[in-house]
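All remarks here apply to the structure that follows.
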Amino acid sequence: MNLELNDRAPARFAGGAAVDNQHAGAGDINHARPDISANRRRAKAMKFLRRCRSYLLPSAPRIGAIQLATGAALVIAPFSGATWHWYLVALFGYFMHGCIGHSIGYHRYFAHRSFTAPKWAEVLFTFCGALGCVGPPLAWSFMHRRHHARPDQNGDPYTAHLYPRPHWRALFLGDYRPGYSEKRLRRVLRNQPLQRVVHRYYFGIVGGYALALLAIDWYLFLFGWAVPVALTLWISALDAYAAHHWGYRNYQTRDASRNLWWMALLFWGEGWHNNHHARPGDWNFRQRWWEFDIGAMVITAMGLRPFAADKKPATIHESRREGIGEA
């Protein structure tokens, strides 16, 4: 009698195997099922990290908070018992943040591209200005160009210009409307790695620098960072307001820009504001022989190559002779 060999198990064993397979399959399903609680914890962690990262991005209100805090440090500094050497450190810090970073770097180079600079100078401008707490270079440049596009009109990010009389918001940088998140700025940052890093981690860079100085010495933090930053922020805010309200005009412009000699001395030549609005692409704000522009002198001393200035616009006096009244 021929018996056919069959690999299949007998029915009673086959049923048991089927049951075992069902239990195994059920176990596999339970094992493969995602852990809902773990996913929720992961989602919360990612949300927290994104929130922390958002605190590193530039923000006008946070810059305004730094302005108030460093302003308090400026008041405290004379009572700190520091020697005169520390005041020299503060003046040097104001020169680096206010002149090299803000006036020459952010304003004349990044915003108006009025001269060419090698890579080392661009890096110097970037960090001197960024550590001076006026914001990242390209974000500040976009805000300033918008100011030139609509000066003293609706849409001017320096809203203090629109007030009919002095107001506390006129000297508060946190009230400015910089438009940091606009798409055009993101497209520009995509092609510039250094500026993208400075923009994304702006307050991390500033906070790390300030904490490092504080860890070294309290006086170094106070006179090497807080006081220079306060001078840069408060004087730049004063310049943005005062140079649109007081002073004289060399040129007929469509805004209320004025020239102030004392503001030019305080803020590295930025007080020749009417000259600048008449010729925004010029690296030198000086027009008359006695209008000294300290920032332009520093550009010359650094050996940078300014672009040739465009043809001068008609002065107010020439416009009056032609029958054009002053705005």
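Starting from residues that are part of a loop (DSSP other than H, G, I, E, B) and in contact with a Phe, Trp or Tyr (Cβ under 8 Å, 6 or more places away or on another chain), keep the ones in segment 280-299 and report whichever is surrounded by the fewest Cβ atoms within 10 Å (Cβ to Cβ).
Selected residue: Gly281.
Among what's in segment 92-128 and is under 18 Å from the mean Cα position of the chain (by Cα) and hydroxyl-bearing (Ser, Thr, Tyr), pick the residue that is nearest to Gly224 (Cα to Cα).
Residue satisfying both the conditions and the ranking: Tyr94.
Which members of segment 242-256 meet the condition of being in a loop (DSSP other than H, G, I, E, B), without any contact (Cβ under 8 Å) to a residue 60 or more places away in the chain and more than 28 Å from the chain's Cα centre (by Cα)?
Once the filter is applied, which keeps residues that are in a loop (DSSP other than H, G, I, E, B), without any contact (Cβ under 8 Å) to a residue 60 or more places away in the chain and more than 28 Å from the chain's Cα centre (by Cα), segment 242-256 yields only Gly247.
Quick check on segment 189-217: of everything there that is among the aromatic types (Phe, Trp, Tyr) and at pLDDT below 95, which residue is surrounded by the most Cβ atoms within 10 Å (Cβ to Cβ)?
Tyr202
Under 6 Å between Cβ atoms, which residue pairs at least 6 apart in sequence (or on different chains) link something in segment 34-63 that is at pLDDT 70 or above with a partner that is assigned to a helix (DSSP H, G or I)?
What qualifies is Leu56/Phe203; Leu56/Gly204; Pro58/Ala139; Pro58/Tyr202; Ala60/Gly174; Pro61/Gly174; Ile63/Leu173.
Please go through segment 257-313 and pick out each residue that is more than 24 Å from the chain's Cα centre (by Cα), modelled with pLDDT of 90 or more and among the aromatic types (Phe, Trp, Tyr).
Result: Trp261, Trp262, Trp289, Trp290, Phe292.
The values are calculated or read from the model by the stated rules, or taken from the named source; none is laboratory data. Predicted model, so just to flag it, every value in this text is computed and none were measured. Cβ atoms come from the backbone with ideal geometry, glycine included; neighbour counts cover every protein chain shown.
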